[in-house]
Amino acid sequence: MTTAPPHVAVIGSGPAGLYAAEALVKQTDDNVRVDVLDRLPTPYGLVRYGVAPDHKSIKSIARYLQRVLENPAVRFFGCVELGRDVTRTDLLDCYDAVIYSTGAMVDRHLGVPGEDLPGSVAATDFVNWYCGHPDAADHSFDLTAEEVAVIGVGNVAVDVVRILAKTVEELHQTDIPEHVMEALAASKVRRVHMVGRRGPAQAKFTTKELRELGELPGVSVHVRPEDMDLDPASAELAESDRHVRGNVKVLNGWTGEPAGDRPRRIDVRFWRAPVEIVGTGRVEGLRLERTRLDESGRVTGTGEFETLPVGMVLRSVGYQSVALEGVPFDERSYVVPNEGGRIVGPDGVVPREYVAGWIKRGPTGVVGTNKSDAAETVRNLLADLHPDGPRPARTIEELLESRGLRVVTYADWLNLDAAEIELARSLGRGERVKLARWEAMRSACHPG
Ligand code: NAP
């Protein structure tokens, strides 16, 4: 091994990136140094901007990830965007190896007429807005409809349904930005339909998350008994699979008459595929076709239709990753082709470039899934480090300075962190209230 310790760049400071940084400094005696670059001034990625504000225990993973950033071998470079401020070639000039862990930032498309009508909203945008993501700070959502539909039955759909069904009093102790709280306080939404195109046994949400909907005070949850009819294969799954069994049990508990005295209502629907978002000028309904599973288990329409009279449709049908310039990308599966995190191009394994997290395996799993995923990538990266290979030609500091970039350091982020904690204290809210606007975030990072 050459004398200077290996230097690795991790692009993206979400859980996948920070678990990778942790593995890099822990898995070897080689004193690897790690720089974590993020386009935002804030670390923690989806833990900060994806995990629901009322899921405090999952959010507390940030405290674990903070320890990674405080390791003396790890540095944070916020407000540095790959593709805008630095290129892939720059990174390969400055580091021995690069790990891309940029996640899955955009929504998947539904591909039905009316998808672009005002009032048809990607769940990713709505989640970004209530999580205080600076790119969504100026978005506004029309919450004047009494009935809305959420398409998809995954955990993101459950999060969105829950945030819509809760009162602002119930959200008071969360970190939701003040301007979002004002909009939620004015919400007229009273009934939310969560719609699955397949059956209860195929739903993606987890039982713990699903059960929470039934625990909301002031909300009745209803499932139509006929939606719980299971074909033999699904019934078999409901026996043999713990996850499915748990979901089916909770859902069966909601098939009675909904409590009439509750001001808000959630309808969980199955066997309904969206065929059109209808409306003139804005969303006025969601047209659904009844479905069943065919002999091969594929979803197929039955030719029976219904239209839900909703004024807003949230499309929560999954996230997808975005291609990074110059990095191989599979346009069908929306991931970077890789073998155990080693990027694979048309000519085989691409030296010195790796992936971790959702851009490596797709948008699946819980936050903790990224730990083993990142560890695998790092094992392969460390095995590939070549003692006599070419060393970085320049430093990232030189490069960023030559471009006149003002980087947010870890200490700068701590200023913003403290400002958010202080804001919560002054408002009598919870642990923090997020600053969501770029200007406010920048000023908080660099006070004075
Ligand atoms: P997801 O779990 O993949 O769910 C996507 C949902 O959209 C599925 O019900 C899917 O149905 C449906 N869908 C896809 N295309 C559709 C179409 N064209 N028409 C109708 N429905 C369609 O994705 P997600 O909810 O975005 O979650 C992403 C990941 O984050 C998951 O691993 C999730 O568990 C995780 N997450 C975890 C938590 C938590 O732990 N609390 C919170 C949020 C997110 P099909 O199955 O029929 O395709």
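Do you know which of the residues in the range 199-224 that are more than 15 Å from the ligand (Cβ to nearest atom) and assigned to a loop (DSSP other than H, G, I, E, B) is surrounded by the fewest Cβ atoms within 10 Å (Cβ to Cβ)?
PRO217
If you scan the range 403-448, which residues turn out to be aromatic (Phe, Trp, Tyr) and open to solvent by less than 40 Å² (accessible area, probe 1.4 Å)?
Matches in the range 403-448: TYR410, TRP413.
As an exercise: evaluate SER372 against (1) assigned to a loop (DSSP other than H, G, I, E, B); (2) loosely packed, with under 15 Cβ neighbours inside 10 Å; (3) within 16 Å of the ligand (Cβ to nearest atom) and give the number of the one condition it does not meet.
Here SER372 meets the rest and fails (1).
From the list VAL283, VAL268, exactly one residue is closer than 26 Å to ASP107 by Cα and within 14 Å of the ligand (Cβ to nearest atom). Which is it?
Of the residues listed, the single one that is closer than 26 Å to ASP107 by Cα and within 14 Å of the ligand (Cβ to nearest atom) is VAL268.
Is there a residue being without any contact (Cβ under 8 Å) to a residue 60 or more places away in the chain, more than 16 Å from the ligand (Cβ to nearest atom) and more than 13 Å from the chain's Cα centre (by Cα) anywhere in the range 45-63?
Yes, the conditions are met somewhere in the range 45-63.
How many residues does the range 28-44 contain that are open to solvent by 10 Å² or more (accessible area, probe 1.4 Å) and assigned to a strand (DSSP E or B)?
Total satisfying the criteria: 1.
Do any helices (runs of 4 or more DSSP H) entirely within the range 100-194 hold 2 or more residues that are more than 14 Å from the ligand (Cβ to nearest atom) and within 22 Å of VAL47 (Cβ to Cβ), and if so, which?
In the range 100-194, 168-171, 178-185 are the helices (runs of 4 or more DSSP H) which contain 2 or more residues that are more than 14 Å from the ligand (Cβ to nearest atom) and within 22 Å of VAL47 (Cβ to Cβ).
Please determine, by comparing only the residues of the range 286-302 that are in contact (Cβ under 8 Å) with a residue 12 or more places away in the chain and surrounded by fewer than 12 Cβ atoms within 10 Å (Cβ to Cβ), which one is farthest from the ligand (Cβ to nearest atom).
In this case the residue turns out to be THR302.
With the structure loaded, tell me whether GLY103 is under 30 Å from PRO274 (Cα atoms) and not hydrophobic (A, V, I, L, M, F, W, C) or whether it fails that test.
yes
Could you tell me whether ALA16 is part of a loop (DSSP other than H, G, I, E, B), at pLDDT 95 or above, of a type in the set (Gly, Ala, Ser) and within 13 Å of the ligand (Cβ to nearest atom)?
no
For (1) at pLDDT below 95; (2) out of contact with any Asp or Glu (no Cβ under 7 Å at 6 or more places or on another chain); (3) of a type in the set (A, V, I, L, M, F, W, C), each residue gets a yes or a no:
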position	(1), (2), (3)
VAL112	no, no, yes
LEU117	no, yes, yes
ASN128	no, no, no
PHE141	no, yes, yes
THR144	no, yes, no
ALA149	no, yes, yes
VAL153	no, yes, yes
VAL156	no, yes, yes
GLU170	no, yes, no
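Just a yes or no: is a residue in the range 87-107 open to solvent by 10 Å² or more (accessible area, probe 1.4 Å), β-branched (Val, Ile, Thr) and within 21 Å of the chain's Cα centre (by Cα)?
Within the range 87-107, one or more residues are open to solvent by 10 Å² or more (accessible area, probe 1.4 Å), β-branched (Val, Ile, Thr) and within 21 Å of the chain's Cα centre (by Cα).
Could you identify the single residue in ARG403, ARG394, ARG352 that is assigned by TED's automatic domain parsing to the domain that holds LEU82, away from the ligand (no atom under 16 Å from the Cβ) and touching a Cys at 6+ places or on another chain (Cβ under 9 Å)?
Matching residue, one of ARG403, ARG394, ARG352: ARG394.
With the requirement that a residue be within 21 Å of ALA104 (Cβ to Cβ), touching a helix residue (DSSP H, G or I) at 6+ places or on another chain (Cβ under 8 Å) and open to solvent by 10 Å² or more (accessible area, probe 1.4 Å), what does the range 154-171 give you?
Of everything in the range 154-171, those that are within 21 Å of ALA104 (Cβ to Cβ), touching a helix residue (DSSP H, G or I) at 6+ places or on another chain (Cβ under 8 Å) and open to solvent by 10 Å² or more (accessible area, probe 1.4 Å) turn out to be ASN155, VAL156, ASP159.
Just wondering, is there one or more residues in the range 187-198 that are farther than 18 Å from ALA149 by Cβ, at pLDDT 95 or above and open to solvent by less than 60 Å² (accessible area, probe 1.4 Å)?
Within the range 187-198, not a single residue is farther than 18 Å from ALA149 by Cβ, at pLDDT 95 or above and open to solvent by less than 60 Å² (accessible area, probe 1.4 Å).
From (1) open to solvent by 10 Å² or more (accessible area, probe 1.4 Å); (2) within 25 Å of THR364 (Cβ to Cβ), pick out the condition that doesn't hold for ASN71.
With respect to (1) open to solvent by 10 Å² or more (accessible area, probe 1.4 Å); (2) within 25 Å of THR364 (Cβ to Cβ), ASN71 is out only on (2).
In the range 45-74, which residues are part of a helix (DSSP H, G or I) and closer than 15 Å to GLU209 by Cβ?
LYS56, SER57, ILE58, LYS59
Based on what the data block shows, is GLY365 out of contact with any Cys (no Cβ under 9 Å at 6 or more places or on another chain), modelled with pLDDT under 95, assigned by TED's automatic domain parsing to the domain that holds PRO15 and among the small types (Gly, Ala, Ser)?
yes
Return the only residue of VAL336, VAL317 being within 21 Å of ASP384 (Cα to Cα) and either open to solvent by 30 Å² or more (accessible area, probe 1.4 Å) or at pLDDT 95 or above (or both).
Only one candidate passes the filter, namely VAL336.
The values are calculated or read from the model by the stated rules, or taken from the named source; none is laboratory data. The shown structure was predicted, so the numbers you read here are calculated from the model rather than taken from an experiment. Heads up, the Cβs are rebuilt from the backbone with ideal geometry, glycines too, and the neighbour counts pull from every protein chain shown. The accessibility values were calculated without ligands, DNA or RNA, using every heavy atom of the protein model including side chains. Shrake-Rupley method; radii C 1.70, N 1.55, O 1.52, S 1.80 Å.
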